[in-house]
1. Suppose the filter is touching a residue at least 60 places away in the same chain (Cβ under 8 Å), in contact with a Gly (Cβ under 9 Å, 6 or more places away or on another chain) and closer than 30 Å to Asp448 by Cβ; does Gly86 pass it?
2. Any idea how many residues of region 147-168 are of a type outside the set (Lys, Arg) and either in the same structural domain as Arg507 (by TED's automatic domain parsing) or under 23 Å from Lys218 (Cβ atoms) (or both)?
3. Scan region 233-250 and give yes if some residue there is at pLDDT below 90, surrounded by fewer than 18 Cβ atoms within 10 Å (Cβ to Cβ) and over 23 Å from Ser346 (Cα atoms), otherwise no.
4. Being surrounded by fewer than 18 Cβ atoms within 10 Å (Cβ to Cβ), over 30 Å from Lys105 (Cα atoms) and within 24 Å of the chain's Cα centre (by Cα): is that true of Leu279 here?
5. Counting only residues that are touching an Asp or Glu at 6+ places or on another chain (Cβ under 7 Å) and not charged (D, E, K, R), which one in region 190-210 is nearest to Asp292 (Cα to Cα)?
6. Can you tell me how many residues in region 413-445 are farther than 19 Å from Glu503 by Cβ and assigned to a loop (DSSP other than H, G, I, E, B)?
7. May I ask you to list the residues in region 301-342 that are outside any strand (DSSP E or B) and among the small types (Gly, Ala, Ser)?
8. Assuming Pro213 fulfils every condition listed in (1) over 25 Å from Tyr129 (Cβ atoms); (2) in contact with a Gly (Cβ under 6 Å, 6 or more places away or on another chain) apart from one, which condition is it?
Amino acid sequence: MSSTELEKARNKALELRREIEEHNYHYHVLDQPLIDDEMFDQMMLELQQLEKEFPELQDPDSPTRRVGAKPLEAFDTLEHKVPMLGLDNAFSDQDLADFDARVRKLSELDIIEYHCELKIDGLAVSLQYEEGVFKRGSTRGDGYSGEDITANLRTIRQIPLQLPEALTLEVRGEVYINKKDFEKLNNERESEGLMTFANPRNAAAGSLRQLDPRLTAKRPLKLFLYGLGEHVLDLSTQSDLLDRLENLFLPVNPNRTICRGLDEVQSYCRRWQDKKGELPYEIDGVVVKANDLDLQKELGFTARSPRWAIAYKYPPEEKTTRVLDIQVNIGRTGAITPVALLEPVSLSGTTVRRASLHNEDLIAEKGIMIGDTVVVHKAGEIIPEVIRVIEDDRSGEEKEFKMPGHCPSCSAETVRLSGEAARRCLNPSCPAQLVEKLVHFASRRAMDIEGMGPAMAEMVYNSGLVRDVGDLYYLTAAQLSEMPRMAEKSAENLVRAIAKSKENPLRRLLFGLGIRFVGEKAARLLAERFGNLDRLRKVREEDLVKIEEIGPKIGEAVVQFFHTPETSPVLEKLREAGVNFKEPEVVSTSDLLAGKTFVFSGSLDRYTRDEAAAAVEEKGGRVSSSISRKTDYLVAGEDPGSKLEKAQQLGVNVIDENEFSELLLKNVK
């Protein structure tokens, strides 16, 4: 084969890939195919034949590779350099008005321009492009890291494997399944004797978490993108952002608009509440964002959500059903929670059979009795909740429910502590609590031990092999294989998953230990502040409460946990097993740029935007796309545009490319 033939084949392959990606965009995103299916199939076949004839041309980013890669053993974890935080919710016009009032007060503006987008009911994902090529993708996870689902995302034909521009950026969006596709998928599964999915969102989430990408490739997944993570694009508004994504052939929802002020926002929300049934996909509300990106930057974030955006949630569907019985569950902290067993009812796409009643005060407040006809809905479209009793339907045969005076699991007396709504079992050896602690420790957001679910946790506890979370690390495949319905391969997989969890950072271990009031956010703050578990064990309560967002309740709970006699033996088991007690250090090569925010505007001679941004980040700084009062430096190149004027108005330090280079050189150590 001559070099001329290879070069000719290479050029043809590049041309075919570009054309196929363009036709994928018009077919799967715009729903406006430019050619018929037969012509598209011929182009794909020609590309496949070229790649077969010339192996040198094979490329993992080729559209011929979308059928799915080989199965994975487990998902890796990807960190989000910019956190993927959730949104606060608004459930009424008054909630929206309160949000608007807060934004106007913080910004000192009389009227806010908002960007309104439909809230797609799917699974949030992140896509990372390097020099225009799709490299990695992940779930939102805990907001700070998610599961690496790159291979599965590559099967979604709406996602271009290569952008028309060589950009490095992270885009974020929602993967979903259309209503008709969902119905067809469930019909096919039912005909094959498989379990059907509860709703389109569950189907999308389950499809993306398949370890075998070939199975994901068979699912009718779609995607809408709505935002950016790390990027160096020059943008002014949320509207500009979505237009820019659209110009990059990325799928963006067309049903979006700019609203001036609260009245227009409320009108948009009401309009789509009436029209949501006409959409081919499920929505559960509207996302309202301040349109100006500089204003977004200025308003900033709370610990869990942006101050410049809110999700207006539509009222959940309500149904009536009957309370067949009320039972109790014992949680890992000993809290005893009453649960209503309901006559099965279809609600928001799922069959509901149970609803938490939270505590005895709520039962008394709502007057719930066994046998009552009740109205139920899903709080936040997720959790079944009893709203009220229909007293007119009572027959007189209803029975009053009373909380148990003794724990159903260990028979210890239950108590209600002063100032608490929950009744508790205070026995630290209560079997039900210990099993729940195992389940929590092994959960995905804690130590992520796949295979250690409720049934397995109960099995290993009842067998006597495990009495606390430390015992998990001494289980053997031989021991597990002797348990009922436990195959040798499953036992080996579980032991491997337990071993892998030893490498988790300290924040996951702290969350998994189940310290009262210590959620994921507090666990991260404590891990980053103290660095290792031994240092945290010695800390005093008065030192803990000095940490921002760590209040007296958390401080007291942490100190109490480490001084409880039962804690030390468990921690020593974990140490002996080799479980990691440290949080990875964030190393900056420079103290002088650490925490400094840079904005670049105009063209630079010595650096590309990506190179300049990488130089700043390598030395501990961060790069933003918009100017605000918190910007430390504007690096002004040739034709810097409006950002220069705004930087001068705000008093931001403006430097040219030479000064930028000198600043970097000063920080060489």
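The values are calculated or read from the model by the stated rules, or taken from the named source; none is laboratory data. Quick caveat: nothing in here was measured; it's all calculated off a predicted structure. Backbone-built Cβ (ideal geometry, glycine too); neighbour counts: all protein chains shown.
1. yes
2. Matching residues across region 147-168 total 13.
3. No, there is no match, as no residue in region 233-250 is at pLDDT below 90, surrounded by fewer than 18 Cβ atoms within 10 Å (Cβ to Cβ) and over 23 Å from Ser346 (Cα atoms).
4. Numbers: surrounded by fewer than 18 Cβ atoms within 10 Å (Cβ to Cβ): yes; over 30 Å from Lys105 (Cα atoms): yes; within 24 Å of the chain's Cα centre (by Cα): no.
The answer is no for Leu279.
5. Of everything passing the filter in region 190-210, Pro200 is nearest to Asp292 (Cα to Cα).
6. 12
7. Residues satisfying the conditions are Ala303, Ser305, Gly331, Gly334.
8. Going through the list (1) over 25 Å from Tyr129 (Cβ atoms); (2) in contact with a Gly (Cβ under 6 Å, 6 or more places away or on another chain), Pro213 breaks only (1).
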